[in-house]
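> Structure provided below as structure tokens; questions to follow.
The values are calculated or read from the model by the stated rules, or taken from the named source; none is laboratory data. Note that the coordinates shown come from a computational prediction; the quantities given were computed from them, not determined experimentally. Here the Cβ positions follow ideal geometry from the backbone for every residue, glycine too, while neighbour counts run over all protein chains shown. These area figures cover heavy atoms from the full protein model, side chains too; ligands, DNA and RNA do not enter into them. Shrake-Rupley method; radii C 1.70, N 1.55, O 1.52, S 1.80 Å.
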Amino acid sequence: MKKILIVEDEIPLLKALADRLTREGFSTLEAKDGLVGLNVALEEHPDLILLDIIMPGMDGMEMLEKLKVNPLSKNIPVILLSNLGDTSKILEGIEAGAESYLIKANVKLEDVVKIVKEKLGVNIA
Amino acid sequence: MTKEKEIDKAKSEFVSLASHQLRTPLTAINWYIEMLQDKDVGVLNDKQKEYFLEIYKGSRRMVDLLNDLLNVSRLETGRLKIEPVPTDLKAFIQEVCKELQPLVLEMGCHLLFKLPEKLPEVNVDQVLLRQVISNLLTNAIQYSSVGKAGQVIVSLAVSPKEYTISVKDNGIGIPKEVQGRIFEKFFRADNAHEIMVDGNGLGLYLVKQIIDAFGGSIRLDSEVGKGSIFYVTISLSGMKAKVGQKGLEK
Ligand SMILES: Nc1ncnc2c1ncn2[C@@H]1O[C@H](COP(=O)(O)OP(=O)(O)O)[C@@H](O)[C@H]1O
Ligand SMILES: [Mg+2]
């Protein structure tokens with residue numbers, strides 16, 4: 001079973017993502033900030049990380065940078081999920097090594113599931 | 001910086017912040033509405049489905065409004081960046097039309113093309129031109145397909161110096177007295193209100209701002225009850241890169 005780490009400080013969004021992905025047959029790990037997220041990533045080696053940007057304490061961009069410099073985690077694909085829509089922010093995320101960048105308010109959960117499956121190479125219905 | 005510009009900048013930053021703040025609870029609303037319709041958590045009855053559809057439509061409208069407000073605030077503070085890239089215009093127009101396929105199907109509209117066979121590549125800012133075409137098309141589809149199957153024709157004509165994209169519909173038309181006002185922020189004509197098409201009056205304002213930034217022009221021909229045609233003309237050499245920081249919301 002593929003393991004997905006969700007790092008998101010907004011609890012309703014965290015719960016929605018976990019709920020939907022669990023029903024799709026993934027196992028999910030949850031973290032409410034970047035520091036916890038980073039530790040979970042290093043201990044549990046998830047197959048993919050969904051990462052929010054604005055969070056208290058360590059934010060998503062910082063966590064992404066830390067993931068990418070660590071040989072243990074640098075190959076885990078990261079999808080940034082944020083409500084910041086500036087092109088400059090998106091480019092920054094992609095340059096920092098994210099696989100893609102989704103604007104939460106503009107995507108459905110269905111789109112998130114689709115892109116997760118695509119990145120993990122699992123059967124896309 | 002002048003006092004006035006400072007105020008403008010502060011205003012726009014406030015709009016931008018407020019829009020971002022509003023997006024989070026809206027995302028929660030949208031995602032949970034979506035999950036309520038997942039069959040594996042249980043099936044809603046028809047009445048409940050009908051209610052949820054209305055909630056969903058309302059909240060989608062709010063998302064659109066926030067995106068438009070963010071774009072307006074970026075355009076108004078001149079922070080816009082223009083990044084032209086060589087583009088196959090014909091393929092590009094078809095791609096934008098394809099993205100609107102769900103609306104075309106929902107409204108039961110006929111969408112036709114009159115595009116030339118072979119074209120040289122043209123330098124355009126794809127994010128901005130997409131916004132222009134998609135706003136004009138959305139209007140043409142929405143304002144032509146209430147109570148009947150509307151017809152919308154998208155054409156492209158290229159001359160040595162410039163190209164013109166036109167969007168024609170056989171819809172409700174725009175009264176002569178207000179044709180000069182439809183590019184104003186939040187303006188909507190009474191006949192648009194009457195047929196109950198959702199809107200916020202920001203679409204054409206955005207279109208005009210973008211075309212101005214391109215150094216292009218837009219004009220229209222319209223008659224109430226017959227239909228409308230919008231022409232956008234942009235110079236082939238005119239779209240110059242402009243340094244800025246921010247792009248638009250889709
Ligand atoms: N194709 C069209 N047919 C009829 N009326 C139109 C059309 N396009 C624009 N309009 C008029 O111009 C107004 C402004 O358009 P727009 O800025 O896109 O706002 P919105 O569509 O959200 O109302 C509309 O409310 C409508 O009155
Ligand atoms: Mg409109």
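> For segment B:126-145: of the residues being within 14 Å of chain A (Cβ to nearest Cβ) and more than 11 Å from the chain's Cα centre (by Cα), which is farthest from ligand 1 (Cβ to nearest atom)? Talk me through it step by step, then tell me what you get.
Residues of segment B:126-145 within 14 Å of chain A (Cβ to nearest Cβ): B:126-128, B:130-131, B:134.
Narrowing further to those that are more than 11 Å from the chain's Cα centre (by Cα): B:126-127.
On the way: B:126: 21, B:127: 18 Å.
Taking the candidates together, the pick is B:126.
> Follow-up question, since we're still on this one. Of the residues that make up segment A:113-121, is at least one in contact with a Gly (Cβ under 7 Å, 6 or more places away or on another chain) and either surrounded by fewer than 17 Cβ atoms within 10 Å (Cβ to Cβ) or of a type outside the set (Asp, Glu) (or both)? Talk me through it step by step, then tell me what you get.
Going through segment A:113-121, the residues in contact with a Gly (Cβ under 7 Å, 6 or more places away or on another chain) turn out to be none.
No; the residues of segment A:113-121 include none that is in contact with a Gly (Cβ under 7 Å, 6 or more places away or on another chain) and either surrounded by fewer than 17 Cβ atoms within 10 Å (Cβ to Cβ) or of a type outside the set (Asp, Glu) (or both).
Quick grid of which residues meet (1) open to solvent by 50 Å² or more (accessible area, probe 1.4 Å); (2) more than 10 Å from chain A (Cβ to nearest Cβ); (3) in a helix (DSSP H, G or I):
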{"site": "B:4", "(1), (2), (3)": "yes, yes, yes"}
{"site": "B:8", "(1), (2), (3)": "yes, yes, yes"}
{"site": "B:43", "(1), (2), (3)": "yes, yes, no"}
{"site": "B:74", "(1), (2), (3)": "no, no, yes"}
{"site": "B:78", "(1), (2), (3)": "no, yes, no"}
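> Only residues that are closer than 27 Å to residue B:147 by Cα and aliphatic (A, V, I, L, M): list them for segment B:166-206, please.
Across segment B:166-206, the qualifying residues are B:167, B:172, B:174, B:178, B:182, B:189, B:192, B:195, B:196, B:197, B:202, B:204.
> Taking residue B:194 as the residue in question, decide whether it is within 16 Å of ligand 2 (Cβ to nearest atom), open to solvent by 10 Å² or more (accessible area, probe 1.4 Å), without any contact (Cβ under 8 Å) to a residue 24 or more places away in the chain and over 28 Å from residue B:80 (Cα atoms).
Yes: the conditions hold for residue B:194.
> Can you tell me which residue among B:68, B:64 is within 30 Å of residue B:184 (Cα to Cα), in contact (Cβ under 8 Å) with a residue 40 or more places away in the chain and touching a Gly at 6+ places or on another chain (Cβ under 8 Å)?
Just a single option satisfies the conditions, and that option is B:68.
> Further question: Just to verify a result, which residue in segment B:172-213, among those that are of a type in the set (Phe, Trp, Tyr) and more than 7 Å from ligand 1 (Cβ to nearest atom), is farthest from the other protein chains (Cβ to nearest Cβ)?
Among them, the one singled out is B:183.
> May I ask you to say which residue of A:108, A:117 is of a type in the set (Lys, Arg) and more than 9 Å from chain B (Cβ to nearest Cβ)?
A:117
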